[in-house]
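In what follows, a structure is listed as structure tokens, so that the remarks can point back to it.
Values quoted throughout were computed directly from the atomic coordinates according to the rules given, and no laboratory measurement underlies them. Please read these numbers as outputs of a predicted model, since none were measured by experiment. Please note: Cβ atoms are built from the backbone with ideal geometry, for glycine as well, and neighbour counts cover all protein chains shown.
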Amino acid sequence: MDTLKSKLFAGDRKLEAALNQDSAHIVPGVQGDHVGKIQTALLQLLGPPPPNITAEELRRSLYGTTTARVLYCVSRPRIRSSTELTRRAPTTLSAG
């Protein structure tokens, strides 16, 4: 079982589960503290200026379209092919 190395993410049951179980992936529409941690990491990694995550998604800790788009853009350079993307995150991406 893999464990998260980030101090921000470590110990978060939902994020740990997402790392280890396909059925626990973070998907659009989900909200909660675990999503807020993902957004905080993106803000720390990419800001300033802050990434294009809407204020509404940040306020609600919502994994919405803009959070997904920013995370995808950060992850994309590490993904070598569409086959690898499908294998690594088959349930987390949606069209559009």
Check: Three principal axis extents, largest first, for the C-alpha atoms of region 2-74, in Å?
Finding: 32, 24, 21
Notebook entry, point to check: Using the count of nearby Cβ atoms within 10 Å as a rough guide to exposure, how do Val27, Val70 rank from fewest to most?
Noted result: Val27, Val70
Notebook entry, point to check: Short version: ³J(HN,Hα) in whole Hz for each residue of region 38-55, in order, from phi by Karplus 6.51 cos²θ - 1.76 cosθ + 1.60 (θ = phi - 60°), x for Gly and Pro, what are they?
Noted result: 4, 5, 4, 4, 5, 5, 5, 6, 9, x, x, x, x, x, 7, 9, 5, 4
Notebook entry, point to check: Tell me, what HN-Hα J-couplings in whole Hz come from the Karplus equation 6.51 cos²θ - 1.76 cosθ + 1.60 at θ = phi - 60° for each residue of region 16-30, using x for Gly and Pro?
Noted result: 4, 5, 4, 5, 10, 10, 4, 5, 9, 4, 7, 10, x, x, 6
Notebook entry, point to check: What are the residues whose amide H is under 5 Å from the amide H of Gln31, where those residues sit 5 or more places off or on another chain and H is modelled from the backbone?
Noted result: Tyr63
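Give me the net charge for the shell around Glu57: Cβ to Cβ below 15 angstrom, other residues only, Lys and Arg +1, Asp and Glu -1. Spell out each step's value before the answer.
Details: positive: Lys37, Arg59, Arg60, Arg69; negative: Asp33, Glu56.
Neighbour charge sum, excluding Glu57 itself: +2.
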